[in-house]
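Written out below as structure tokens is the structure these notes cover.
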Amino acid sequence: MLRNAAATARKAVTDLGQFPKAGDKLHGFTLVRSKHVPELELTAVHLQHDKTGADYLHIARDDSNNVFSIGFKTNPPDDTGIPHILEHTTLCGSEKYPIRDPFFKMLPRTLSNFMNAFTASDHTFYPFATTNAQDFKNLMSVYLDSTLKPLLKESDFTQEGWRIGPENPLAEDPESKKLVFKGVVYNEMKGQMSDAGYLYYIRFQDHIFPAINNSGGDPQKITDLTYEQLRNFHAEHYHPSNAKVFTYGDMPLADHLKEVDARLQAFEKIRADRNIHEPATLDGPREVTQYGPLDPLVASDRQYKTSVSWVTGDTTDVLESFSIALLSTLLMDGYGSPLYRGLVETGMGADWSPNAGYDSGAKRGIFSIGLTGVQEADVPKLRGRIQEILRDARDKGFDRTKIDGSLHQLELGLKHKTANFGFSMLNRLKPKWFNGVDPFDSLAWNDTLTRFQQKLDQGGYLEGLIDKYLLNDNTLTFTMAPSTTFGEELVKEEQQRLSSVIKAAEEKAGSAEKAREIFEKQEQDLLVEQNKTNTEDLSCLPTVYVKDIPRAKDSVVVRDEKVGNIPVQWHEAPTNGLTYFRAINTLDNLPDDLRELIPLFTDSIMRLGTKDMTMEQLEDLIKLKTGGVSVGYHSTPSPTDFQQASEGIIFTGMALDRNVPAMYGLLSKLVLETDFDSPEAALRIRQLLQASSDGIVNDIASSGHRFAMGYAESTLTRSAWLRQQVGGLSQVKLTTQLASRPETDSLEDVIGKLKKIQSFALANENLRTALTCGSESAAANASSLQSFVSSLPAGGVAPTVPGLTPLPKDSKTFFPLPYQVYYGGLSVPTASYTSKDTAPLQILSQLLTHKHLHHEIREKGGAYGGGAYSRALDGLFGFYSYRDPNPQNTLGIMRNAGRWARDRTWSDRDLEEAKISVFQSVDAPKAVNQEGMAKFLSGITEEMRQEKRLQLLDVSKDQVRDVAQRYLVDAVEKGNERSAFLGEKASWVDRSWAVKDMNIKTGE
């Protein structure tokens, strides 16, 4: 009966009959059309605002995680980053919410599980997601007012965009008072331009899409932008006539339309900038070479990045665009693909270039094939080699099994119940919607597949697309060559530009002294403005309340049984006919030299093949029979003692119920039968190492604060040290060292250890498993699991070491890396998950982030971000900053944060907001395959979770002050804190810092 009621409710949300008909009017909008899409279990409704012409797409689906987005077409007129800086400044205060930074002030007043804003190449959008109806209304109100009616104060422009001011206005020494360029976006883009991968991609875009300027902003051009230009750009582009509004979920459309219409009625229709730019016309081979930074962790003779690109058809042809995307997968995806075999496997490059693949987000598609880690002599050979491979692929045709495998992956993607389906749908539709692709065409999944199959059945379809678009010389070959002076030239250019702007200011002011006074006064005025954040009245902002958070949450029902001698955690739930599998082989005191090679082992078994099957054959089976299988390293602290840690190897897989035996067979074959003795094993492993090393400096930069935090934490707890060894800077150092061994090295010692790991990786003595499936498939799954575990080898025991490696003792560690900004972390040990102290520590982390650190590190310090975190399971509390131009100042703020929190008079509202912030993640929707996993992975029972929930809801101000004293103030006074920073080594990195050089020497 209940099941029938639920089905009826689901149908009601998507029933076309409940929506108006085409031409009907509803709350200021006219319904243009509607369509039910059964394969996606949704109904799409397209409306247009009568007065302004605003476009509106609503996707009704039985999903409580509702999504909103408003976006605008923002073709950038130049490289000053005006769309990006506007994205920041719109969120700094609006007519209805005239306070500093309502966006960030809303973060602790909402139960949303996602809130952000994004600047794309030619549009800007502001999305959020929440399951709470009142929260949805609150956030929609803030988002609409922020985008359509922002205050755009000049002080917001100088804070978020750019300005000149003393490096540290509160210090008195001459070095701190020197004038520098400042600004959140300015520093963010300096960090981005330090990333060679980003730099390659953005310079490639300059040439393939010359009509679209750099929307993020080039630091060399950002300082040309004026406040007046910013205001004018907003007036012309952030207008309903230029807007696309998107809503998704199970909340009533009519309620959304009322709110949106009320905001749009204040505007008249204008002629919007809906210009859709085309890429460059390629009518013959074109070659461009530009210079970029050296990668210090890559061999000196493999520093080139190069690609060949074609412009394909109009992306409004959804079928052709889908087909080219599939063609890209067949040509480039996997070790058995023709382009990988012909380019990477042969050693022409280490990995794909940042622009590689098919990009369908613009008016016309761009198909790129490119490599990183290329030798200079091979750059001119790439285009010819690609043409050979493409010609061969066209002549041989594509195996139907490979096509079916790719289509099977798409089918499983539709069946897999994710927690963020609505946001994924927004990201899938939005770029094409802004560039003329009808979202209804993009949603017509079955129709596209049917037409694709028909084309395929006619024969030669995909091969014809190679002929049509790729076997010609209408190409752009884009190369980035290494420059040993690139970083120095950037610094020199910035100094010259700074001198030029200061000189112009001096001429305008009449003297150097008066100009400096103006700069210093602007900085002091901004500090006064920023300090208002601590005292201003926030009552105008809407909020949800802690009383709305239920004190008890429905428990995830799991049951523990055994299949043979193997423990199994069962979770039966609606899974759309899918089975999710996890297993952990627990290892005790594994030697460090084996543990650190587990990442290479897990990469190798997905690369080398077995004695009777090539990796290409295995990849085809994986795609045809599963939604993916993986093997990895797993470690976790104990929830009752955070200084204790367990470790092991984790296995995961997903498959349609009928394919579960095949999934087990593939996992077993990959782990147990990978042939480490094959003649090509050493070469393939070397290629894996080189691919991992190539671009690692850029990968670190994309989340540098996490690497810094990870290293700081690794000196405090065993679990954090284990994580760092397999996934942190120590793993980076090991990988680059191995990759830099001479080509003559046969890697015998490494392969010997990989074989040793293979001997115990899947032994069944210490194996435990978890299965999530529908109740209808539980019996068959039990039988399949029994067959799987009974086939596993016994007796493969991992070697152990008698004692544990001591944790590093350095209290301050610095890693010199070639970045223009810094990334940092500071950590202290706290208490175990089951301790009552971890609840107030979590609340404290939110209070510090929202009430202190955001203001001090980002607004005043100029970093792109900074905050505090508390991880109850890990027993760690810490601080971080990223893209930070002022690390010394930040470190002082971090060290003094405990004292600030202890002495602060916290209000009831402060505590309320912190609790709401914590519950954003506690109560965030989970995908079905994540339910019950805290217990399986880490031993956190439902009883522990419920007790923690009540502790969090009941945290008092006295508890917050108490943990601030005991865990932060006392730790710093006793010297128990640990800090780590990454960036250019400067004079402040004195002898008190342990400097860990990452600049691995490559083989001579």
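The values are calculated or read from the model by the stated rules, or taken from the named source; none is laboratory data. Keep in mind that this is a model prediction, so the values were computed, not measured. Cβ coordinates were reconstructed from backbone atoms using ideal geometry, including for glycine residues, and neighbour counts include every protein chain displayed. Areas reflect the complete protein model, heavy atoms only, side chains present, ligands, DNA and RNA absent. Shrake-Rupley method; radii C 1.70, N 1.55, O 1.52, S 1.80 Å.
Quick notes on this one:
- Among residues of segment 815-830, those that are open to solvent by less than 10 Å² (accessible area, probe 1.4 Å), in contact with an Asp or Glu (Cβ under 7 Å, 6 or more places away or on another chain) and either over 21 Å from Gly861 (Cα atoms) or of a type in the set (Val, Ile, Thr) (or both), counted: 2
- Qualifying residues in segment 59-97 (those that are without any contact (Cβ under 8 Å) to a residue 60 or more places away in the chain and of a type outside the set (A, V, I, L, M, F, W, C)) - the one surrounded by the fewest Cβ atoms within 10 Å (Cβ to Cβ): Glu95
- Qualifying residue in segment 834-852 (condition: touching a Gly at 6+ places or on another chain (Cβ under 9 Å) and over 25 Å from Ser956 (Cβ atoms)): no
- Hits in segment 348-360 (condition: in a loop (DSSP other than H, G, I, E, B) and farther than 19 Å from Leu282 by Cα): Met348, Gly349, Ala350, Ser353, Pro354
- Leading residue by the ranking (surrounded by the fewest Cβ atoms within 10 Å (Cβ to Cβ)) among those in segment 335-361 that are touching a residue at least 60 places away in the same chain (Cβ under 8 Å) and closer than 17 Å to Thr306 by Cβ: Gly347
- Residue ID - nearest to the chain's Cα centre (by Cα), chosen from residues in segment 644-700 that are among the polar types (S, T, N, Q) and in a strand (DSSP E or B): Thr652
- Within segment 732-766, the set of residues being touching a helix residue (DSSP H, G or I) at 6+ places or on another chain (Cβ under 9 Å), surrounded by fewer than 14 Cβ atoms within 10 Å (Cβ to Cβ) and part of a helix (DSSP H, G or I) comprises Glu748 only.
- In this structure, Ser678 does satisfy being at pLDDT 95 or above and of a type outside the set (Val, Ile, Thr).
- Of all the listed residues (Leu667, Leu672), the sole one being buried (at least 16 other Cβ atoms within 10 Å of the Cβ), hydrophobic (A, V, I, L, M, F, W, C) and within 12 Å of Phe581 (Cβ to Cβ) is Leu667.
- If you go through segment 716-729 and pick out every residue that is more than 16 Å from Leu804 (Cβ to Cβ), in a helix (DSSP H, G or I) and not aliphatic (A, V, I, L, M), you end up with 1.
- Residue within segment 310-322 that is polar (S, T, N, Q) and closer than 30 Å to Pro816 by Cα present: no
- Elements of type strands (runs of 3 or more DSSP E) in segment 531-608, at least 1 residues being open to solvent by 60 Å² or more (accessible area, probe 1.4 Å): 559-563, 566-572
- Leu792 being under 18 Å from Ala914 (Cβ atoms) and more than 23 Å from the chain's Cα centre (by Cα): no
Yes/no matrix, rows are residues, columns are (1) open to solvent by 10 Å² or more (accessible area, probe 1.4 Å); (2) at positive phi; (3) small (Gly, Ala, Ser):
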| position | (1), (2), (3) |
| --- | --- |
| Gly878 | no, no, yes |
| Ala901 | no, no, yes |
| Arg909 | yes, no, no |
| Ile916 | no, no, no |
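- Count - residues of segment 406-435 that are of a type in the set (Gly, Ala, Ser), closer than 20 Å to Asp250 by Cα and either open to solvent by less than 30 Å² (accessible area, probe 1.4 Å) or outside any helix (DSSP H, G or I) (or both): 2
- Top-ranked residue in segment 464-479 [being open to solvent by 10 Å² or more (accessible area, probe 1.4 Å) and not in a helix (DSSP H, G or I); ranked as nearest to Val180 (Cα to Cα)]: Thr477
- Ser555 vs. criteria more than 30 Å from the chain's Cα centre (by Cα) and of a type in the set (S, T, N, Q): no
- Taking segment 683-720 as the range and being surrounded by fewer than 24 Cβ atoms within 10 Å (Cβ to Cβ) and over 26 Å from Lys305 (Cβ atoms) as the test, the residues that pass are Gly710, Thr715, Thr717, Arg718.
- You will find that of Ser835, Ser783, the residue that is of a type in the set (Ser, Thr, Tyr) and either buried (at least 24 other Cβ atoms within 10 Å of the Cβ) or part of a helix (DSSP H, G or I) (or both) is Ser783 and no other.
- Residues that are open to solvent by 50 Å² or more (accessible area, probe 1.4 Å) and touching a strand residue (DSSP E or B) at 6+ places or on another chain (Cβ under 8 Å), drawn from segment 500-519: Arg516
- When Ala262 is tested against the conditions (1) crowded, with 21+ Cβ neighbours inside 10 Å; (2) small (Gly, Ala, Ser); (3) out of contact with any Lys or Arg (no Cβ under 8 Å at 6 or more places or on another chain), the lone failure is (1).
- Members of segment 1-41 that are of a type in the set (Val, Ile, Thr) and either open to solvent by 80 Å² or more (accessible area, probe 1.4 Å) or modelled with pLDDT of 95 or more (or both): Thr8, Thr30, Val32
- Filter result for Gln724 (touching a residue at least 40 places away in the same chain (Cβ under 8 Å) and of a type outside the set (A, V, I, L, M, F, W, C)): no
- Lone unmet requirement of (1) closer than 30 Å to Lys432 by Cα; (2) over 27 Å from the mean Cα position of the chain (by Cα) for Ile164: (1)
- Verdict on Ala770 being of a type in the set (Gly, Ala, Ser) and within 30 Å of Leu594 (Cβ to Cβ): yes
- When Asn275 is tested against (1) open to solvent by less than 60 Å² (accessible area, probe 1.4 Å); (2) outside any helix (DSSP H, G or I), exactly one condition is not met: (1).
- Within segment 98-217, helices (runs of 4 or more DSSP H) holding 1 or more residues that are open to solvent by 10 Å² or more (accessible area, probe 1.4 Å), without any contact (Cβ under 8 Å) to a residue 24 or more places away in the chain and β-branched (Val, Ile, Thr): 196-208
- Evaluated against (1) more than 26 Å from the chain's Cα centre (by Cα); (2) exposed (fewer than 14 other Cβ atoms within 10 Å of the Cβ), Leu456 falls short on exactly one condition, (2).
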